[in-house]
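What follows is calculated from the coordinates using simple rules that are stated; it is not laboratory data. This one's a predicted model, so the numbers in the text were calculated from it and none came from an experiment. All Cβ positions, glycine included, derive from the backbone under ideal geometry; neighbour counts span all protein chains shown.
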Amino acid sequence: MDLLKLLSTNEIIAQVLGFLILLALLRVFAWKRILGLLDKRKERIALEFKRIEEAKADIERLRLEYDKKLASIDEAAKLKIDAALNEARAILEESRKNGYIQAQGIIDNAKQSVKYELAKAKDELKNEIIDLTLKATENLIQEKLTEEGDRRLVKDFLEGVDKL
Amino acid sequence: MAQTQQVQHELPNLVSLLADKIGRFTHLGEQIYLWENVIFSLIIVLIISLVAFLACRKPKMIPDRLQNAVEAVAGGLDDFICGILGAQGRKYTPFIGTLFIYILLMNLCGIIPFMKSPTSSWSTTLGLALCVFIYVQYTALREFGLWGYLDHMMGRPRGILAFSVFIPVMMFILHIVSELVRPISLSLRLRSNIWGDDLLLSVLSGMGAGGVPLLVFSTLLAILAALVQAVVFSLLTTIYFALVLTHEEEDKETRAN
C-alpha cells in the first residue's frame with residue numbers, strides 16, 4: 001500500500017492529457033507529413049528502380065538484337081566472301097585455261113617459226129655450202145667443170161652431208 | 001505526499017529550486033513542487049512539438065539537416081513497428097513512435113543538470129501505461145467486436161463437458177487479470193529503472209576515484225538505461241498490439257477453415 005502513496009490522480013490525468021496533446025500535435029503536424037513524404041520518396045525510388053530495370057531490360061534486348069544482327073552480318077559476310085572466292089577461283093581457272101591455250105598457240109607458232117627458220121637456214125646453208133664447195137672445188141682442181149658434172153658432184157656431196 | 005521521501009535522493013532541479021526560493025511550505029511553492037513532474041513533461045512536450053514544427057513546416061523532397069534527422073527517426077520507428085505488426089503497423093506508428101520519443105526524452109531529461117526525469121514518477125509512467133492499455137483494449141474491441149472479444153478472452157481450444165464451461169471461464173478470469181496487470185508492470189518497470197538511475201546519479205555525484213568523478217561512468221550507464229527502457233516500453237506496447245492483431249488473423253483463418 002506504500003507504493004500506492006506514490007500515485008497522484010491529478011498527476012496521472014495531467015500526464016495522460018499531456019501525452020494525448022503531444023500525440024495529437026505530432027499525428028497531424030509530424031507523423032502524417034513525414035510518413036507521407038517517406039512513402040512518396042519510397043515510391044519515387046521504387047519507380048526509379050523500375051525505370052532502371054526497364055532500361056536494363058531494353059539494353060539487354062538491344063544487345064541481343066545487336067548480337068543477332070552481328071551474327072547475321074558475319075554470316076552474310078562469310079557467304080559473300082565464299083561467293084567472291086568461288087568467283088575468283090573460277091576466273092583464275094578460266095584465266096589459267098586461256099593462258100594455257102594462248103601459251104600453246106604461241107608455242108605452236110614458235111615451233112612453226114622454228115621449223116620455217118630451220119628450213120630457211122638449211123637452204124641458206126645449202127647454198128652457202130654449194131658456193132663454198134664450188135669455190136673450194138674450183139680452187140682445188142683448177143679446172144673448169146661442166147655444169148652437168150658440177151651438179152652431180154654437188155648432189156653426191158649433199159647426199160653425203162645429209163647422211164651425216 | 002510520499003514524494004517528500006524521494007526528494008532526499010534527488011539532485012536539485014529548476015522546479016525544486018524555484019519552489020525553495022518561493023518557500024516550499026507556502027501554497028504556491030507546494031503546488032509547484034507537486035506539479036514538478038508535469039512541468040518537466042510539458043517542457044519535453046514543448047521541445048518535441050517545436051522540433052517537429054521546425055522540421056515539418058515545409059517538408060522538402062530533398063531534406064535539410066533537421067528534417068533528415070527527424071525522417072531518420074520516424075522512418076526507423078516505422079520500420080521497427082511495421083517489422084513486428086506487418087503492413088497494418090503503419091496505423092499504430094504515430095502512437096508507439098510518439099510514446100518512444102516522449103519516454104526517451106523524459107528519461108534523458110534526468111541526466112541534464114537542473115532537470116529531472118518525469119518518468120521517475122510512477123504517476124507519469126502509469127498515465128502512459130493506461131493510454132497504452134486503453135488503446136490496446138479499444139483496438140481489440142474494434143477488431144473482434146464485443147462478443148468476439150469475450151470469446152477471445154475465453155481462449156482456445158474448447159472441448160466437451162468441463163472444457164466447454166469451466167476452462168473457458170477460468171481462462172477468461174486469467175486473461176482479465178493478465179490484461180489488468182500489464183499497465184502496472186509496464187509502468188512500474190519503467191519508473192523503477194529510471195528512478196534507480198536518478199538515485200545512482202545523485203548518490204555518485206559527490207564521489208570520485210583517482211580524480212575521475214564516478215558520475216562520468218554512471219551517466220553513460222544512465223544514457224544506456226534511458227534508451228533501453230524506452231525501447232522496452234515501446235516494444236512491449238507493440239507486442240500487446242501484435243497479440244491482438246495476430247489473434248484477429250488467426251481467428252479469421254479458423255473461421256475460414
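Other residues lying with their Cβ under 13 Å from the Cβ of B:D64 contribute a combined charge of +3, Lys and Arg counting +1, Asp and Glu -1. Sort out for me the Cα centre separation of the stretch B:11-76 from the stretch A:1-77, rounded to whole Å. Using only Cα atoms, the two centres lie 30 Å from each other.
Could you pull out the pairs from A:K56/B:K60; A:K32/B:K116; A:K5/B:K116; B:K21/B:K116; A:K56/A:K78 whose alpha carbons sit more than 23 Å apart here?
Values: A:K56/B:K60 30 Å; A:K32/B:K116 31 Å; A:K5/B:K116 20 Å; B:K21/B:K116 18 Å; A:K56/A:K78 32 Å.
Check vs 23 Å cut-off fails for A:K56/B:K60; A:K32/B:K116; A:K56/A:K78.
Give the shape of chain A as rounded, prolate or oblate, defined through the alpha-carbon gyration tensor: a ≥ b ≥ c are the square roots of its eigenvalues, a/c under 1.5 means rounded, and otherwise the shape is prolate if a/b is larger than b/c and oblate if not. Taking the square roots of the gyration eigenvalues as a ≥ b ≥ c, chain A is prolate. Overall dimensions of the protein assembly as shown, expressed as equivalent-ellipsoid semi-axes from the Cα gyration tensor (√(5λ), whole Å, largest first), are 124, 32, 19.
Sequence-ordered 3J(HN,Hα) estimates for the stretch A:103-110 from the Karplus curve with 6.51, -1.76 and 1.60 and θ = phi - 60° stand at 4, 4, x, 4, 4, 4, 4, 4 Hz, glycine and proline given as x.
If you count, for every residue in B:90-99, the Cβ atoms of partner chains within 10 Å of its Cβ, what is the mean?
On the way: counts 3, 0, 0, 4, 10, 5, 0, 7, 10, 3.
Per residue, the average neighbour count from other chains is 4.
Taking the centroid of alpha carbons for each part, the stretch A:85-146 and the stretch B:201-237 are 130 Å apart.
Past 30 Å, Cα to Cα, is the threshold; run A:K69/A:K97; A:K97/A:K122; A:K111/A:K135; A:K111/A:K163; A:K135/A:K163; A:K120/A:K163 against it and keep the listed order. Kindly include the intermediate steps, with their values, before the conclusion.
Numbers: A:K69/A:K97 41 Å; A:K97/A:K122 36 Å; A:K111/A:K135 35 Å; A:K111/A:K163 24 Å; A:K135/A:K163 23 Å; A:K120/A:K163 19 Å.
Over 30 Å apart, Cα to Cα: A:K69/A:K97; A:K97/A:K122; A:K111/A:K135.
Which residues in the stretch A:109-142 place their backbone N less than 14 Å from a point set 7 Å from the Cα of A:D162 along the Cα-to-Cβ direction? Of the residues in the stretch A:109-142, A:123, A:126 have backbone N under 14 Å from the label point off A:D162.
For the stretch B:27-35, 3J(HN,Hα) computed residue by residue from phi via the Karplus equation (6.51, -1.76, 1.60; θ = phi - 60°) reads 5, 5, x, 5, 5, 4, 5, 5, 9 Hz, glycine and proline entered as x.
Compared with the direct C-alpha span, the chain from A:K42 to A:A121 gains 17.3 nm at full extension, assuming 0.36 nm per residue.
Can you put B:Y135, B:Y33, A:Y100, B:Y102 in order, fewest other beta carbons within 10 Å first? Each step should come with its number before you reach the end.
Working: B:Y135 18, B:Y33 21, A:Y100 10, B:Y102 26.
Fewest-to-most Cβ neighbours within 10 Å comes out as A:Y100, B:Y135, B:Y33, B:Y102.
Going from the residue with the fewest nearby Cβ atoms within 10 Å to the one with the most, B:W147, B:W195, B:W35, B:W122 rank B:W147, B:W35, B:W195, B:W122.
If we count other beta carbons within 10 Å of each Cβ, what is the order of B:H175, B:H27, B:H152, fewest first? Before the final figure, lay out each step's value.
Numbers: B:H175 15, B:H27 9, B:H152 20.
Final ranking by Cβ density, sparse to dense: B:H27, B:H175, B:H152.
Here, P(r) means the percent of Cα pairs in each 10 Å bin from 0 to the largest distance; for chain B it is 6, 24, 27, 22, 14, 6, 2, 0. Computed 3J(HN,Hα) for the stretch A:20-34, one whole-Hz value per residue from the Karplus formula 6.51 cos²θ - 1.76 cosθ + 1.60 where θ = phi - 60°, is 5, 5, 4, 4, 4, 4, 5, 4, 7, 8, 10, 4, 4, 5, 5, glycine and proline marked x.
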